[in-house]
Amino acid sequence: MEGNKLPPKVQALYRAVTALFVEGADLNSLTVAEIAEKAGIGKGTVYEYFKNKEEMIARALFHQMKTSCESLYEEISREERLYDKFAVILENMEKEMTELTYFIRAIYVMLDNSAVGSRLRELWSEKGEEEVPVIDLMRRIIGDEIGTDEKMQERERDYLVMTVLSRLVCYAIYQFGAEKRIKVDKKTMRDRICTDVCRDVERAKGK
């Protein structure tokens, strides 16, 4: 049940989970009845598509992240320079604070010891790295830039992906209050991060 193949009722449930999550709901205390009511469908319908609440919530979170990353990739693909591609990503992180908060909270859920977190980790493992939304997005962007460089080993590519991703995490932290403490304006911070990303990729290409 992925992408456009999702049944309408599953789409409604996913939208309901996303809306409740954005509103600040505790996913572990949410009930199937609450989610079904938000989706405008009967409680019993949920079990026609999912084994339990945890599976439904985990799949909804994963689907939302994947959809957002695919949309972002389409947008940045219009840019030719790597610098400009990451500038678009950072600008989106500024504009879509709700989306950014969603991602941060989703990562937190995945790392906690709750039943939902456990199911989300299982789903991550089932999908494989190439289907993990954020990592897949970084792989695609960097892959577009370096092409099929046979000299670069897979572990070097993976390290580069995680290095670039770590810079985006730093910007996310900066967005949540660090701007005032380190006294660097957003334009300057974006420029530094985009420049550093380009430098990381160029260094990797030159090995």
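Skipping prolines and chain starts, which residues have an amide H placed within reach, meaning under 5 Å, of the one on residue 25, given they are 5 or more residues away or on another chain?
Distant-sequence amide H within range of residue 25: zero hits.
What does the C-alpha gyration tensor say about the overall shape of region 1-78? Classify as rounded when a/c is under 1.5, otherwise prolate if a/b is larger than b/c, or oblate. Walk me through the numbers before you get to the answer.
Details: a/c = 2.38, a/b = 1.66, b/c = 1.43.
Prolate shape, in that a/c is at least 1.5 and a/b is the bigger ratio.
Between region 181-196 and region 11-87, how far is it from one alpha carbon centroid to the other, in angstrom?
Between the Cα centre of region 181-196 and that of region 11-87, the gap is 31 Å.
Give me a comma-separated list of calculated 3J(HN,Hα) values for region 37-53, in order, Karplus coefficients 6.51, -1.76, 1.60 applied at θ = phi - 60°, integers in Hz, x for any Gly or Pro.
Along region 37-53, the couplings run 5, 5, 7, x, 10, x, 4, x, 5, 4, 6, 6, 10, 9, 5, 7, 4 Hz.
For region 1-79, with only Lys/Arg (+1) and Asp/Glu (-1) charged at the beta-carbon, what is the dipole magnitude about the Cα centre, in debye rounded to 20?
That gives a dipole near 300 debye.
So, by mean Cβ neighbours within 10 angstrom, what's the order for 70-78, 87-95 with the highest one leading?
87-95, 70-78
Show me, for region 80-90, the HN-Hα J-couplings you get by feeding each phi into the Karplus relation (A = 6.51, B = -1.76, C = 1.60, θ = phi - 60°), rounded to Hz, glycine and proline as x.
8, 7, 4, 4, 5, 4, 6, 5, 5, 4, 5
Quick note: the coordinates plus some simple rules give every number you see, no bench work behind them. The structure displayed is predicted, hence computed values, not measured ones. In this analysis, Cβ positions are derived from the backbone assuming ideal geometry, glycine residues included, and neighbour counts consider all displayed protein chains.
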